[in-house]
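I have placed the structure first, in the form of structure tokens, so that the comments after it can refer back to it.
Every number here is computed from the coordinates shown, using simple stated rules; none is lab data. Quick caveat, the model's predicted, so the values are computed rather than measured. Heads up, the Cβs are rebuilt from the backbone with ideal geometry, glycines too, and the neighbour counts pull from every protein chain shown.
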Amino acid sequence: MSLESFFNPASVAIVGASRRPGKVGREILVNIVRGGYPGKIFPINPGVDSIDGLKCYPDLTSIGEVPELVLIIVPAETVADVMRQCARIGSKSVVIITAGFKEVGAAGSQLEQEVLRIAHGAGIRVIGPNCLGIIDTVHKLNASFAGDLPGTGAIGYVSQSGALLAAILDMANAVGIGFSTLVSIGNKADMDELDIMQYLADCPETKVIAGYLENISDGNQFVREAEIISHAKPVLLMKSGATGAGARAASSHTGSLAGSETAYECVFERAGIIRCNSIKTQFDFAQAFATQPLPEGDSVVVITNAGGPGIMAADAIESQGLTFAKLSEETVQKLAAKLPAAANVNNPVDVLGDALAERYELALEIVMADKNVSAILVLLTPQAMTEVAATAEAIVKEAKNHNKPVFACFLGAEKVEPGLKVLRRGQIPQYDSPESAVAAIKAMSDYHRWRHRPKRVVKLYPVNRRKVENIVERHLRLGIREIGEVESKEIIEAYGFVTPKGSIATTAEQAANIARQLGFPVVLKIWSPDIIHKSDVGGVRVGLKSAQEVMDAFDLMMFRVPKKMPEADILGVLVQEMCTEGKEVILGMHRDPHFGPMMMFGMGGIMVEVLKDVAFYLAPLTAVEAKQMLVNTRTYKMLTGVRGQAGVDIDAIAEALQRLSQLVTEFPQILEMDINPFMVGPEGTTPIAVDARISVEKVGQTK
Ligand code: COA
């Protein structure tokens with residue numbers, strides 16, 4: 001069903017319209033009338049004949065025609081009855097403003113379900129309950145109590161908080177930001193963020209989708225659909241609140257490192273959604289996306305009439321990962337010919353403190369034509385002779401004549417205000433600091449790159465799926481969640497991992513013989529299905545260099561461990577080759593109950609324990625994404641080799657991550673897993689999965 005009936009209805013009924021000032025039903029009626037809504041308005045109130053000259057009806061059935069949109073603003077306990085009336089007359093689009101539903105507890109929740117049942121039975125779509133209403137500036141519909149109808153603009157906004165929407169409107173009005181549509185989704189009983197985002201993606205007046213969310217209703221669907229929406233239009237989201245489900249107790253290393261927001265970050269990254277940490281940042285970015293073409297590269301030129309701000313901008317460009325444009329020889333020569341001798345004709349182009357509007361315009365025209373420039377940032381400080389408004393006019397004119405994004409930062413307050421007005425009118429985004437302007441350019445440049453990224457191709461490796469199936473199913477049948485070391489390794493071996501050689505010994509002599517065959521040094525590990533955390537009970541000894549050391553360690557382990565864990569069934573001791581070559585990294589997976597498997601890569605040892613230097617990404621992984629996970633760690637350089645130390649085989653780690661991603665995608669029963677440490681040597685060597693831990697759960701159990 002198209003949502004057109006919500007945003008461009010031919011008629012609106014307001015159930016609960018009131019004559020009494022201050023009442024929600026009064027404010028919404030006034031807003032609809034004052035906003036200039038051109039369709040028919042039907043106030044509904046059994047106790048009143050007319051309101052402000054509009055005929056009032058006792059109920060929906062007495063109107064005599066079907067209102068295309070119905071707003072419900074009556075006490076919660078009567079909402080179901082009104083919904084029944086909607087069903088009877090055949091209205092299909094309803095906004096419930098009323099609060100007192102799911103958000104107040106079990107009784108409210110029941111009421112909400114009842115209302116929803118009636119709506120679904122009649123094919124009615126619902127926004128709310130517990131919402132502030134909806135606004136469509138193009139069709140002059142202000143069906144909300146958020147305030148006056150805002151100016152038209154290219155931003156479509158969806159908010160899970162009604163109150164925040166009112167604040168956003170107020171702030172936007174103050175700085176002249178306009179909207180196409182605003183939707184308060186309230187409790188999301190029926191329609192949720194994705195429904196509205198999909199509508200906005202198709203809405204011709206909307207160029208940018210922005211929103212505020214506290215949670216996402218359907219994680220799997222969101223992952224699938226949000227990427228398509230983002231591809232159509234940039235999506236800027238503020239997200240607050242933790243996912244209670246994502247924050248469940250974790251038994252693996254990976255699980256404990258995955259913060260409650262990690263899944264959202266992964267999903268947003270996969271979907272190309274631009275996350276904003278504040279309303280200001282969201283406005284900053286939205287202005288840029290709404291008014292400027294996307295920069296086709298990441299090189300930025302700065303034009304300024306003051307040295308200091310120029311340097312600040314240059315620093316921001318570098319620190320935020322953009323490129324400080326190197327102007328072509330031709331551009332430099334043209335600038336030198338037109339600007340005073342003291343001007344800086346390289347980036348940042350300094351037109352000098354006495355620059356009038358004409359000098360700015362000349363510089364702008366010349367740099368706009370340079371192929372090395374993808375975006376232009378114009379800085380201005382109001383000096384005695386500065387023509388603030390005329391300079392703004394020149395910027396607007398030059399931006400119109402070229403298809404490159406232009407951003408302005410007029411530093412100051414009162415003196416620059418006339419310029420800001422011109423910029424606003426001329427659709428040039430303007431910022432209160434060079435840093436925030438650069439952040440907006442960066443967001444646009446990243447989005448452009450994301451949109452032009454190569455198609456995602458997930459490689460499938462030949463694996464022994466049957467073997468894993470057998471192990472996993474047996475554990476689930478027996479109700480065992482944690483798979484022991486041997487079988488965890490069998491699972492990863494079935495997916496192409498190499499694990500250390502070793503055998504089980506039941507006597508000290510046997511242990512020494514196995515060690516001799518493996519070669520020293522070796523590792524001893526207590527062998528028991530009942531002991532998961534072996535080192536905690538003294539069940540691990542590493543670096544044993546001789547047969548004698550092995551025998552002594554064996555005897556000590558067999559003496560001590562049973563004392564610490566008398567109930568454990570001890571089957572012997574695993575004698576294992578010791579991997580000393582290469583660097584330790586950790587690979588893992590944590591399954592988020594809403595969004596699915598999140599892969600983890602981290603530097604091993606102290607890096608993961610202390611620095612928590614890890615990167616997450618949503619499975620299934622492509623080769624590019626797997627490699628990007630490594631690059632995203634702070635200590636990535638250590639893997640490529642620093643200070644004379646040889647680097648390790650990056651591609652081998654990326655392949656391991658892809659194999660692991662295939663495993664956890666093919667086995668949704670795997671809840672969490674770690675391969676820690678994963679020892680990786682120089683290019684061409686085979687990495688070894690030294691230890692693995694896997695926990696499983698019946699599918700659907702966590703939902
Ligand atoms: N059909 C038509 N009109 C009805 C009606 C019905 N079934 N039931 C009541 N009305 C009329 C009332 O007579 C009253 O009109 P009046 O002012 O002329 O007497 C009007 O509707 C409102 O009913 P009232 O009982 O006075 O309720 P209220 O205005 O105090 O509160 C709500 C109604 C919906 C505003 C209130 O229950 C509510 O939910 N408030 C919170 C809203 C909110 O915060 N939403 C979330 C924002 S983020």
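Listed values, structure above:
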quantity: ASN344/GLN221 FRET efficiency (R0 51 Å; Cβ-Cβ; nearest 0.05); calculated: 0.45
quantity: The range 275-408, dipole about Cα centre (Lys/Arg Cβ +1, Asp/Glu Cβ -1), debye to the nearest 20; calculated: 240 debye
quantity: For ASP315, ASP569, order by how many other beta-carbon atoms lie within 10 Å, fewest first; calculated: ASP569, ASP315
quantity: LEU352 versus ILE480: modelled label distance in nm, points set 7 Å from Cα along the beta carbon direction; calculated: 8.3 nm
quantity: Modelled FRET efficiency - R0 45 Å, LYS23 with HIS452, Cβ distances, 0.05 increments; calculated: 0.30
quantity: Karplus (6.51, -1.76, 1.60) ³J(HN,Hα), θ = phi - 60°, over the range 485-490, in Hz, Gly and Pro reported as x; calculated: 4, 4, 6, 4, 5, 4
quantity: Cα-based reach from LYS400 at 19 Å (exclusive), listing lysines while leaving out same-chain residues under 8 positions away; calculated: LYS207, LYS371, LYS421
quantity: Packing-based order for 466-474, 130-138, using average beta carbon neighbours within 10 Å, highest first; calculated: 130-138, 466-474
quantity: Those lysines that a straight Cα-Cα span of less than 20 Å connects to LYS525, excepting residues fewer than 8 apart in one chain; calculated: LYS489, LYS501, LYS534, LYS545, LYS563, LYS564
quantity: Theoretical gain in end-to-end length, VAL624 to GLN333 [0.36 nm per residue, Cα-Cα removed]; calculated: 100.6 nm
quantity: Exposure proxy ranking, count of Cβ atoms within 10 Å, fewest first, for SER535, SER184, SER109, SER528; calculated: SER535, SER109, SER528, SER184
quantity: Normalised contact order of the range 583-696, rounded percent, pairs of Cα under 8 Å and 6 or more residues apart; calculated: 30 percent
quantity: Cα radius of gyration and Dmax for the chain (Å); calculated: 32.0, 102
quantity: Per-peptide average of other Cβ atoms within 10 Å, ordering 291-301, 476-486 highest first; calculated: 291-301, 476-486
quantity: The chain: angle of helix 650-666 to the longest principal axis, Cα-based, in degrees nearest 10; calculated: 80 degrees
quantity: Stretch gain in nm, segment LYS415-MET171, where the contour uses 0.36 nm per residue and the Cα spacing is subtracted; calculated: 85.7 nm
quantity: Span from the the range 148-175 Cα centroid across to the the range 294-348 one, whole angstrom; calculated: 35 Å
quantity: Paramagnetic reach from THR685 (point 7 Å along Cα→Cβ, amide N under 19 Å) across the range 609-636; calculated: 636
quantity: Dipole magnitude (debye, nearest 20) for the chain, charges at Cβ of Lys, Arg, Asp, Glu; calculated: 660 debye
quantity: Helix 279-291 axis, angle to the chain major axis (alpha carbon atoms, nearest 10°); calculated: 70 degrees
quantity: Sequence-distant aspartates and glutamates (8 or more away, or on other chains) whose Cα lies within less than 13 Å of LYS40; calculated: GLU65, GLU68
quantity: Gain upon complete extension [ASP552, GLU318; 0.36 nm per residue less C-alpha separation]; calculated: 78.4 nm
quantity: Whole-angstrom gap from the range 461-518 to the range 1-62, using each part's C-alpha centre; calculated: 70 Å
quantity: In Hz, Karplus ³J(HN,Hα) per residue of the range 685-693 (6.51, -1.76, 1.60; θ = phi - 60°; x = Gly, Pro); calculated: 8, 8, x, 10, 8, 5, 9, 9, 9
quantity: LYS371 paired with LYS564, simple spin-label distance in nm, labels 7 Å along Cα-to-beta-carbon; calculated: 6.8 nm
quantity: Label-point gap, in nm, between GLU581 and TYR461 - each point 7 angstrom along Cα→Cβ; calculated: 1.9 nm
quantity: Tilt relative to the chain, helix 465-478 - C-alpha long axis, 0 to 90 degrees, to 10; calculated: 90 degrees
